[in-house]
1. From the list 41, 51, pick out the single residue that is surrounded by 14 or more Cβ atoms within 10 Å (Cβ to Cβ) and under 24 Å from the mean Cα position of the chain (by Cα).
2. Sort out which residues of the stretch 1-33 are touching a helix residue (DSSP H, G or I) at 6+ places or on another chain (Cβ under 6 Å) and farther than 29 Å from residue 50 by Cβ, and write them in order of number.
3. Please work out which residue is farthest from the chain's Cα centre (by Cα), limiting yourself to the stretch 147-162 and to residues that are surrounded by fewer than 18 Cβ atoms within 10 Å (Cβ to Cβ) and in a helix (DSSP H, G or I).
4. Condition test on residue 68, is it surrounded by fewer than 17 Cβ atoms within 10 Å (Cβ to Cβ) and within 16 Å of residue 158 (Cβ to Cβ)?
5. Of everything in the stretch 1-38, what is free of Cβ contacts under 8 Å to residues at least 12 places away in the same chain, more than 29 Å from the chain's Cα centre (by Cα) and outside any helix (DSSP H, G or I)? Give them in sequence order.
6. Condition first: exposed (fewer than 13 other Cβ atoms within 10 Å of the Cβ) and over 17 Å from residue 74 (Cα atoms). Now tell me which residues in the stretch 109-129 satisfy that.
7. Whether any residue in the stretch 140-147 is in contact (Cβ under 8 Å) with a residue 12 or more places away in the chain, touching a strand residue (DSSP E or B) at 6+ places or on another chain (Cβ under 6 Å) and under 27 Å from residue 47 (Cα atoms) is what I want to check.
C-alpha cells in the first residue's frame, strides 16, 4: 500500500484542494482530483527529504530564540548602516566559512537561517559541503564573524541533526 500511496495525507490534501479550487463537484473534477492526488506523490516520491532524527529538542528552542534575537538586532544594525551609508559606507565582503555540518537537513536549516538574518546571504556551498561562501553586508573582522557563525548557528545544528 505504501508503494501506491507514499504520502496518503498529501494525496487527500491534494484531492480536497483540487476540488476547492475548481469550485465544482462534477464527475470530471473528481476524476482529475483523484488522478492528481495519486500521481503527484508517486512522481515526487524521489524528491522527498530523508527522514530526520532530531536530538536535543531543547537546543531547537534555544536556536529558535537566538535566531529571533539576531533577526531583530541585525535589522536594526542594517537599518542604521543604510541610513548612515553616505557618511560611512558598509564594508561588504564574501566570507568562506569552513563547515563541520554535513547533514542535508541541517544544511537546509542553516540556509534558512542565513536567509532570515539580515545582512547575510548564502552564496555558494562547496560540492563536498565543507565550505560555505557567504556575503556579509558589513564586516569588521572576518575571523570573529566565522567564529560567531559557527558557535551561534552551526554548533546547535550539529547537536540537533548529527
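Computed from the coordinates by the stated procedures, all read-outs in this text should not be read as laboratory data. As the structure is a computational prediction, the values presented were derived from the model and not from experiment. With ideal geometry, Cβ positions are generated from the backbone for all residues, glycine too; neighbour counts draw on all protein chains shown.
1. 41
2. Selection gives 19, 22, 29, 33.
3. The residue in question is 147.
4. no
5. Correct list: 1, 23, 24, 25, 26.
6. 124, 126, 127, 128 - these are the residues of the stretch 109-129 that are exposed (fewer than 13 other Cβ atoms within 10 Å of the Cβ) and over 17 Å from residue 74 (Cα atoms).
7. no
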